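Here the structure is laid out as structure tokens; the discussion comes afterwards.
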Amino acid sequence: MGVGLAALTLAVSLPLGATEMPQTMEEMWRIIQQQQQEIEALKAKSQPLETEKAHPEISKEVPEKTKEATKTTTSTSEENAETKAQVKELEHKTGVLAEAVESLRTAMHIPEEFEYKSMYGLGPAASKVYQVGKGLSIGGYGEGRYQTFVNGDGDDNADFARLVLYTGYKFTDRIIFNSEIEFEHGTTGEGAEEKGEVSVEFAALDFFLDPRVNIRAGLVLMPMGFINLIHEPPFFFGNNRPEVERRIIPSTWREIGVGLFGELLPGLTYTMYGVNGLNAEEFSSRGIRDGRQSGSKALAEDLAFVGRMDYAPPGMPGLSFGGSAYAGNSGQDQSYGGQDLDVFTQLYEGHLQWQYRGWWLRALGAWGHIGDAEALSAAKGETIGESNFGWYTELAYNLLPLVWPETIQYLAPFFRFEQLNTIASAPAGFSDKGGINQDIYQVGINYKPIPNVVIKADYRNFVGRDGNPSAADEFNLGLGFIF
């Protein structure tokens, strides 16, 4: 489309036939370079003639010639005029062609070479808008899977879990809009959330002031853990996101807020927001996940703070570690059994990631606390955990470089262990049963024929702890992609 626009410009401006039209940007640049060389050669050719014209005394010092000399001078002047005309025409053609190429770069807003990399705390596909010259950017991802239960109850199912579109717009180098729209489970399913829904996952404006201090405002992702920020399928193992990063850190978690982000020192980054608080009315024995308000007419009587810091030592590529914290009231000025409760909610997590010569290691731990848990449990008629915790670690290794050192393909078996408990401590007078208290063992493999596409297979084993029931084991087979 972009090359076609440039070709149309050239067709109008230059006397080129259909077979002579450049078809690629590289070909356009080769033509420009050739024309520049021709211009320089013609200018060099005309310079001696200009010198003779500028210094007529040189001709006077030479003995008078015959009429043949006069003819030669006349011929030289004509040649000089012709050379100037050629230079002028080539300069015009070169200018038109250069303008067409620049239009392709800026008006179409697509860089010649796009590098998928995480920027400013977002996933690689979500970071595309930061690399365009100006204007519109479109990216996205999708993932689907087949799930079968090995023992216990459960219906085998096939689900196109989500299709996501990232749409961004670069107004200027300092003001950028970015957003994510998610279609879940292939349909909106007659309004039933379980059957599918369409949601805005984030939508925010970035104001770039200085590498150390920038502003983000809108519907923002909570900067906690790995998955809440980077949940594109090629960048995590297994078909299902870690349960610790679903139940303890309730991803995908977004709220309306404003805050700062930047890089304080090489490798040392931070993000902090003030946001609307959670809604304690939706807390349950299975955690705080349903308390997310997700920017949908969110109650904002109570506000919260969330902050994160990460460090990637410049001298140790592949290593990064950091932590985050969330704190704020969740009562939202509502009545709980006739009481007004603050429900001060805290959540803290630490994480580490290391990639080295095909190895991949991740570790994450999270701990949370809910204030007024006793009164809240009494009002809701179920145990709301006074504290909750979860942690997991995973290890993977890319096998293909061992037999095919230059390949861009990726084949890595992995192992993950998780432990979580949504009622790590129960309020006085309430049972610690009824929540999610389990260990999860998971093995699988990720295969990427190209970096943008992944095929996954994994097996999950759930083991209930402290008398809590075990969920059915499951086998998952799926695929994912980004663009």
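Brief remarks on what is shown
- Added length on full extension, which subtracts the Cα-Cα distance from 0.36 nm per residue, residue 367 to residue 188: 61.0 nm
- Cross-link pairs beyond the 30 Å C-alpha cut-off, checked among 170/456; 195/456; 128/448; 195/297; 134/297: 170/456; 134/297
- Efficiency of FRET from Cβ geometry, residue 30 and residue 88, R₀ 22 Å, rounded to 0.05: 0.50
- Backbone N within the stretch 215-231 under 11 Å of label point (7 Å from residue 316 Cα along the Cβ vector): none
- Rel. contact order, % - alpha carbon contacts under 8 angstrom, at least six apart, the stretch 248-356: 24
- Cα gyration tensor category, rounded, prolate or oblate, for the stretch 231-277 with a/c compared to 1.5: oblate
- Gain on full stretching of the segment that runs from residue 433 to residue 207 - 0.36 nm per residue minus C-alpha separation: 76.6 nm
- Label-to-label distance, nm, for residues given as residue 425 and residue 200 (7 Å Cα→Cβ offset): 4.0
- Rounded, prolate or oblate (a/c below 1.5 giving rounded, otherwise prolate when a/b exceeds b/c) for the stretch 234-307 by Cα gyration tensor: oblate
- Three-way shape label, the stretch 276-318, alpha-carbon gyration tensor, a/c 1.5: prolate
- Pair residue 450, residue 359: separation of 7 Å Cα→Cβ label points (nm): 3.2
- Compared with the direct C-alpha span, the chain from residue 407 to residue 443 gains 10.5 nm at full extension, assuming 0.36 nm per residue.
Values in this text are rule-based calculations from the coordinates and carry no lab data. Treat the numbers as computed from the prediction; the structure is a model and nothing was measured. Please note: Cβ atoms are built from the backbone with ideal geometry, for glycine as well, and neighbour counts cover all protein chains shown.
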